[in-house]
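The values are calculated or read from the model by the stated rules, or taken from the named source; none is laboratory data. The structure displayed is predicted, hence computed values, not measured ones. Using ideal geometry, Cβ is built from the backbone for each residue, glycine included, and neighbour counts are taken over all protein chains shown.
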Amino acid sequence: MTGLFLIMERRPYFLLGDLLVNAAVGAVSGLVALWLVPAFWNDLLSSFIGMVAGMGVGLVLGVAAMPFLGAFEVMLPAILSGMIAGMVVGTSELNSSSAATVGALVGLATIAGTYGLTFWSQRHG
């Protein structure tokens, strides 16, 4: 059991960095999806456009955070956060402050889910 915790990231700098990057990616992805997707569009098209926009935001902000947090550790959760936040906001009718808030919460939920799945897979794999 102690070997497991050596694999999981526990240093506060990286934990806070992951939280901040994913919250920022989610918030910006939500705002970009709100800007790109009109409220009257079909949900399938809105979801797709939001997903692609979120992937772009996750890529750009992930690359910006790479020198500080590492490439692999930041890119996968950041792009996933952007995709999900863009899809959620793209298919809902929100104003800009709500879109940023929902996007940030989705980003935080995504990084929490990523850490949880990593912990579970290392314990059961």
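Structural remarks
- The condition of being more than 13 Å from A24 (Cα to Cα), part of a helix (DSSP H, G or I) and not acidic (D, E) holds for only one of G116, G58, G82, G54, that being G116.
- Cross-chain or 6+ apart pairs with Cβ under 6 Å, the stretch 83-109 first and closer than 19 Å to L20 by Cα, then aromatic (F, W, Y) and at pLDDT 95 or above: none
- Residues in the stretch 34-45 that are under 11 Å from E93 (Cα atoms) and in contact with a helix residue (DSSP H, G or I) (Cβ under 7 Å, 6 or more places away or on another chain) were compared, and the one that is surrounded by the fewest Cβ atoms within 10 Å (Cβ to Cβ) is V37.
- Any hit, the stretch 55-74, residues being farther than 19 Å from L16 by Cβ and in contact (Cβ under 8 Å) with a residue 60 or more places away in the chain: no
- In the set (1) in contact (Cβ under 8 Å) with a residue 40 or more places away in the chain; (2) more than 17 Å from the chain's Cα centre (by Cα), the condition left unmet by S121 is number (1).
- Which numbered condition V60 misses (of (1) over 15 Å from the mean Cα position of the chain (by Cα); (2) surrounded by fewer than 19 Cβ atoms within 10 Å (Cβ to Cβ)): (1)
- Boolean, G54 is surrounded by 22 or more Cβ atoms within 10 Å (Cβ to Cβ), at pLDDT 95 or above, within 12 Å of the chain's Cα centre (by Cα) and under 19 Å from F14 (Cα atoms): no
- Screening the candidates M1, M8 for the property of being surrounded by fewer than 14 Cβ atoms within 10 Å (Cβ to Cβ), among the hydrophobic types (A, V, I, L, M, F, W, C), touching a Phe, Trp or Tyr at 6+ places or on another chain (Cβ under 7 Å) and at pLDDT below 95 yields one hit, M8.
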